[in-house]
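The next block holds one structure in the form of structure tokens; read it before the comments.
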Ligand SMILES: Nc1nc2c(c(=O)[nH]1)N[C@H]1C(S)=C(S)[C@@H](COP(=O)(O)OP(=O)(O)OC[C@H]3O[C@@H](n4cnc5c(=O)[nH]c(N)nc54)[C@H](O)[C@@H]3O)O[C@H]1N2
Ligand SMILES: Nc1nc2c(c(=O)[nH]1)N[C@H]1C(S)=C(S)[C@@H](COP(=O)(O)OP(=O)(O)OC[C@H]3O[C@@H](n4cnc5c(=O)[nH]c(N)nc54)[C@H](O)[C@@H]3O)O[C@H]1N2
Ligand SMILES: [Mo]
């Protein structure tokens, strides 16, 4: 580990810092110069689709259509390091449980299927056939309702389709995915508002937009390629108005590492033209304030006989519920909106006044809106704002949720969902001649509840690090050990392998960047990006080991081991030639996947039809709906009892992909060599009697008799709203009560956890806990 240092970062996002950070990881993962050649294939129509984020891939890619973090993800997957059977022979599972996440994954790629051996407390190699035989036997002996099929969001459309079918043929809809912890609030909010579960914005809309509103998404770290369209928009003079408690560097300025002149002259583009440091969870009030200001200005215009501010023609023809919404906005007092949002009325009016003048507006958002108790309502309030000026279903305008994992949206499109009403079950029944379960399956939070109460007995994970990513990790880890069976299809060693069931398997798979050879030759796979375009992807590098297998093959072998043969499902035929899986996907979803095999390599991808883009509203009212929230209270179930309780925001660093920690630096936030920090406002420090650099303990303020504590964090005085503090995910997940989630969507409320911060209790006094 490098030395720890906290020092404000003065550089832009991108730029030389980005080039240096990338060079470091390529060296550490022992990627030779040819690694650079591999990167040239990233996000190109004839290459592989990045394994990092889901941001759209342009039809005319740049020479280097990848970013610092996309390249890090490639290096991470293509590392020369290997976690071989020899490694597992050397270290017991008990020992590995004390290792940090970074050290586990840094062992490199998994090379052999492994089974846990209780005698030696070690994972030992096992033959594939033997593994599937036991997994099949176990699953056959269990009640299908007690088995979970989790998916993390990276597996291809082909694998995901097979995986969902496996669960349904086995007998449940227990198909939670990472989306349950991520954009589930979007998937619940948008269908009610505009009749589609996904964003309506496409990449080309950025070329003609007049304004970008940017809520709670850290573009510089989590979707850096999006900085290119943002920079282009800024060059056209398009304002970008940002709402974020932290001043994130990527939202302030950007130097394109691919523009030699910018690099040489150290020039950068200012990204945000207004920056509002909203309080965690304050967006619901902030956006309501903007709507209130717009409605007031519209009345003034009407009275004075000037052109209206709201788009009356659009609202009359296409929307429902304006009158109630106007009443709601009128009823909110400015003082209340100010205290809930942490922003002044003038600031909200300033944002509203730019919006009132813009012809076409895009509303972008990420986890800062979705991971709250009122995440769904907040997303709907953003839609309300856009509807006021007809900003849905028009070029240059739209709503733009930024998705996380590279195929998380696509997995939903091909059937990975615990909600049966979202899946064409009748069609599947007819296509494959079986009666799928119609009962709702378990989502992520419900799986956790089931593990805690013992009703969940087996967990199959298609990627991911479930037990580390979920809330209440200490309680979850303890209960997890009661599982009968845990099976993880993975590329690298992580905590979910160690906190295991009684019978536990690690099944190593190929990553997307590797060549996947099957009976008919090398295979291509496909995924869906954040803008609902489908892309083909071809592996370019040799597999890490001859013993690893492809995800479709692994899913097919589990299916064959557990299901009775069905002449209509040719698992082996699918694996032999993935184009046949795509034909089957097209048969199930003919509208979305028309000519799938033919179109999958179209530059820029091919889009699925999206009713709301054409102003067709597949909602109950047949219109786009203004939706009024029950109130503006951000978290009615956990009243902040006194001022010593502050709200913790859990954050990603610039050096991680979810639970995968690439390194201990968070360059943009000025943190070097550590993740054990707590960002705090100076007034809170003064009020709580704490000093910058002091070591503290953080505990959750919940009255449910569960002690939730993280000890030994270093306080960093930081530019963050008073009453908020920030710490890193997943280390802070022990602090999130499982029941602290979005009221409707059950997305864990990871962005506002009421906590108390106290001077650290010396280890001896806590029994070393
Ligand atoms: N390199 C890299 N790329 C990634 C990932 C990664 O870990 N590393 N993860 C991927 C995944 S799965 C996802 S879901 C996305 C996540 O990408 P983001 O949506 O950017 O998620 P977070 O990093 O959690 O950051 C949320 C941002 O919201 C702000 N915020 C917090 N609370 C609030 C609030 O109440 N209101 C507002 N307005 N803002 C708030 C935070 O300051 C932060 O800037 O990125 C994907 N891409
Ligand atoms: N406190 C807090 N908690 C959060 C969040 C937060 O912001 N704050 N964010 C939430 C969000 S948005 C998400 S998406 C979840 C993420 O939750 P997950 O998706 O479950 O977790 P990841 O960390 O992305 O999973 C990493 C593991 O995936 C495996 N893997 C990588 N590539 C592949 C592949 O190609 N195939 C297979 N089979 N396996 C692969 C590797 O073994 C690696 O160890 O966490 C959620 N939890
Ligand atoms: Mo995510």
**OP:** Multiply the residue separation of residue 316 and residue 691 by 0.36 nm, subtract the distance between their alpha-carbon atoms, and state the gained length in nm to one decimal.
**Re:** 129.3 nm
Original post:
Does a label point 7 Å from the Cα of residue 333, set along Cα-to-beta-carbon, have any residues of the stretch 631-652 with amide nitrogen under 18 Å, and which are they?
Top reply: 631-634
Subject >> Distance between modelled label sites at residue 614 and residue 580, nm, 7 Å Cα→Cβ extension >> reply: 3.4 nm
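When each pair of different Cα atoms in the stretch 325-445 is counted once in the 1/r mean, what is the Kirkwood radius in angstroms, to one decimal? If you can, show how the numbers build up before the last one.
On the way: mean 1/r = 0.0555 Å⁻¹.
Answer for the stretch 325-445: a Kirkwood hydrodynamic radius of 18.0 Å.
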Subject >> Coordinate range along principal axes, alpha carbons of the chain, Å, largest first >> reply: 79, 64, 56
Subject >> log10 of Debye I(q)/I(0), alpha-carbon scatterers only, for the stretch 5-75 at 0.14, 0.16, 0.19, 0.21 Å⁻¹ >> reply: -0.47, -0.60, -0.81, -0.95
Original post:
Residue separation times 0.36 nm, minus the C-alpha to C-alpha distance between residue 645 and residue 438: what's the value?
Top reply: 70.1 nm
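Quote the relative contact order of the chain in percent (integer), defining contacts as alpha-carbon pairs under 8 Å separated by 6+ residues.
Working: 1696 pairs, mean separation 164.3, N = 769.
About 21 percent, as a whole number.
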Original post:
If one computes the Cα centroid of the stretch 113-178 and of the stretch 408-463, what distance in Å separates the two points?
Top reply: 13 Å
Original post:
What whole number of Å gives the distance from the Cα centroid of the stretch 577-597 to the Cα centroid of the stretch 283-339?
Top reply: 45 Å
Original post:
Where does the chain land at 222 nm, in deg cm²/dmol rounded to the nearest 500, when only DSSP H runs of n ≥ 4 count, each adding -39500 (n - 2.57), divided by all residues?
Top reply: -9500 deg cm²/dmol
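Compute for the stretch 499-617: radius of gyration divided by Kirkwood radius, i.e. Rg/Rh, restricted to C-alpha atoms, rounded to two decimals.
Values: Rg = 16.9 Å, Rh = 16.4 Å.
Ratio value, two decimals: 1.03.
Please state the relative contact order of the stretch 5-75 as a whole percent: Cα pairs under 8 Å, 6+ residues apart?
Numbers: 55 pairs, mean separation 25.9, N = 71.
Across the stretch 5-75, relative contact order equals 37 percent.
Treat the count of other C-beta atoms within 10 Å as a stand-in for reagent exposure and order 637, 684 from fewest to most. Mind showing how you got there, number by number?
Values: 637 12, 684 21.
Fewest-to-most Cβ neighbours within 10 Å comes out as 637, 684.
Taking all pairs of distinct Cα atoms, average 1/r, flip it, and tell me the Kirkwood hydrodynamic radius of the stretch 614-742 in Å to one decimal place. Working shown, then result.
Values: mean 1/r = 0.0585 Å⁻¹.
When all Cα pairs of the stretch 614-742 are included, the Kirkwood radius is 17.1 Å.
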**OP:** Sticking with the crude label model, points 7 Å out along Cα→Cβ, report the distance from residue 119 to residue 353 in nm, one decimal please.
**Re:** 7.9 nm
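Nearest 0.05, what FRET efficiency do residue 265 and residue 99 give at R0 = 45 Å with Cβ-Cβ as r?
Values: r = 45 Å, r/R0 = 0.99.
After rounding, the FRET efficiency stands at 0.50.
Please arrange 169, 49, 381 by counting, for each residue, the other beta carbons lying within 10 Å of its beta carbon, fewest first. Don't skip to the end; give the middle numbers.
Working: 169 21, 49 25, 381 28.
Fewest to most other Cβ atoms nearby, the residues stand as 169, 49, 381.
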Original post:
If you find the alpha carbon centre of the stretch 344-399 and of the stretch 209-282, how far apart are they in angstrom?
Top reply: 17 Å
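Could you put 421, 207 in order, starting from the residue whose Cβ has the fewest other Cβ atoms within 10 Å? Could you put the intermediate results ahead of the total?
Values: 421 8, 207 13.
Ascending Cβ contact count within 10 Å gives the list 421, 207.
Bear in mind these aren't lab numbers, they're just calculated from the coordinates by the rules spelled out. Not measured: the values here are computed from a predicted model. When we count neighbours, we look across all protein chains shown, and the Cβ atoms used for this are built from the backbone with ideal geometry, even at glycine.
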